[in-house]
Amino acid sequence: MCWLLLLVSASVSVAQGDITIDLSTAEADPLTGQFCVLQKVCIANPPASLTGSGCAPTFPPGCNCDPEASPEDSTCAALETCVGCRCLAQGCDCDPTADNPDSLCPAGDKCVECQCKSPLPPGCDCDPDSSEPDSLCAEGLRCVGCQCKNCPQSGSDRLGQGSEKVLNPPLVFVIDTTKSVKPDKDSIFNLTGAVTARIMKDRINIPRFQLISFNDYGPAINLNVKLELDTDSVEKFARATRNLKFESYNGGRDSKERLAQGLLVALQNASPKSLVVVFTDNGSKDLMLEKDIVRLRTSKEIEVFIVLTPAYEGRFNGPSLPAFSRMGKVFLINEVGADSFLRQVEEFEENTCI
């Protein structure tokens, strides 16, 4: 039996090709008593006469198998499968030992422990914080809040890589300046100030800011609603908001205000896909304007937030609250909290482009 230990492996030459036979797998044949080896024979350096005869398969450079071959014709060893055109261990998508481990993975994926995995969080298409955030997006799309989106006004070059920073939605503040709000003006200023501070801190790229005030001089909309500022400067926008004055006039002797008028004028003047944020503390007159408001909001794809601060002083079972909820998204600040409102403003701005 000692001679078997010496013949762990042997090499023979057939037709000038190198063939390796592994004798360590030899088993005794019960019929003949001889030791037999049953294995796939691989020719490491096949001669041209063999490869040119059509008997041996040929593969492109870097390949060692045919992914369309049947299992019996596969050139991969047992416990291996042909992935792409490379023999890999069963269950593997890629070869981490290869010169380019990611070559068998979909674009953007990385080869990690022989599995192709996305380097992005679940649900994300791209990385907005990378040096080339648009590189994983299709041509013409931009990386916005980890999603590839169409931003026609933001500009892109012919390769789909953004040539300019993505533009976020224009922002409009519509503020009730009647005297009933005056005791709580600091609440409004705190919210608007926090919004503009985050815009400056996070460098959110908003191209247009508008400030609109509404009061109650009577039924005339042109007397009640005023466009205070239209600018591309967030600093001027923040300063103008802080300088608003809160007073009441002849038409404002009842509790309801003119939110519907203020919102209608804001929608008429706002750019498409803007974010309009309305601040008031009470119900509204002129609710017959609701249809025009909803039509304009929908046609111009504008997002409307209606903030009731610090607490809603109107009737909860009255017609105003249901109308507000149809005009936009309502925030009862004393219930949802300022942080929730600010977070939703920031998320909308950062995750939306124009």
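For this structure, a couple of remarks:
- Some residue of region 221-237 being assigned to a loop (DSSP other than H, G, I, E, B), under 19 Å from K182 (Cβ atoms) and touching a residue at least 24 places away in the same chain (Cβ under 8 Å): no
- Among the candidates K236, K273, residue that is assigned by TED's automatic domain parsing to the domain that holds K179, surrounded by fewer than 23 Cβ atoms within 10 Å (Cβ to Cβ), touching a Leu at 6+ places or on another chain (Cβ under 7 Å) and modelled with pLDDT of 95 or more: K236
- Single residue of region 81-119 satisfying the filter (of a type in the set (A, V, I, L, M) and outside any loop (DSSP other than H, G, I, E, B)) that is farthest from D134 (Cα to Cα): A89
- Residue that is nearest to D202 (Cα to Cα), among those in region 302-354 that are in a helix (DSSP H, G or I) and of a type in the set (S, T, N, Q): Q344
This table checks each residue for (1) among the polar types (S, T, N, Q); (2) part of a helix (DSSP H, G or I); (3) crowded, with 23+ Cβ neighbours inside 10 Å.
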position: K165; (1), (2), (3): no, no, no
position: V181; (1), (2), (3): no, yes, yes
position: D186; (1), (2), (3): no, yes, no
position: A194; (1), (2), (3): no, yes, no
position: I206; (1), (2), (3): no, no, no
position: A240; (1), (2), (3): no, yes, no
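- Extreme residue, farthest from S154 (Cα to Cα), among residues of region 116-140 that are of a type in the set (A, V, I, L, M, F, W, C) and surrounded by 11 or more Cβ atoms within 10 Å (Cβ to Cβ): C116
- Hey, G283 small (G, A, S), buried (at least 18 other Cβ atoms within 10 Å of the Cβ), outside the structural domain of G155 (by TED's automatic domain parsing) and over 23 Å from the mean Cα position of the chain (by Cα) or not: yes
- The residues on offer are G108, G91, G52, and the sole one that is at pLDDT 85 or above and either outside the structural domain of S154 (by TED's automatic domain parsing) or hydrophobic (A, V, I, L, M, F, W, C) (or both) is G91.
- For region 190-219, the set of residues classified as acidic (D, E) and closer than 19 Å to I175 by Cβ consists of D216 only.
- Residue check, S255 at pLDDT below 95, among the hydroxyl-bearing types (S, T, Y) and surrounded by fewer than 17 Cβ atoms within 10 Å (Cβ to Cβ): yes
- Looking at S135, S131, just one residue is part of a loop (DSSP other than H, G, I, E, B) and without any contact (Cβ under 8 Å) to a residue 12 or more places away in the chain, and that residue is S131.
- Extreme residue, nearest to D216 (Cα to Cα), among residues of region 260-301 that are charged (D, E, K, R) and part of a loop (DSSP other than H, G, I, E, B): K285
- Qualifying positions in region 182-196 - touching a residue at least 24 places away in the same chain (Cβ under 8 Å) and under 21 Å from D339 (Cα atoms): D184, K185, S187, I188, F189, N190, L191, T192, G193, A194, V195, T196
The values are calculated or read from the model by the stated rules, or taken from the named source; none is laboratory data. A quick note: this is a predicted structure, and the numbers were derived from the prediction, not measured. Because the Cβ atoms are built from the backbone with ideal geometry, glycine has one as well, and the counts that use them run over all protein chains shown.
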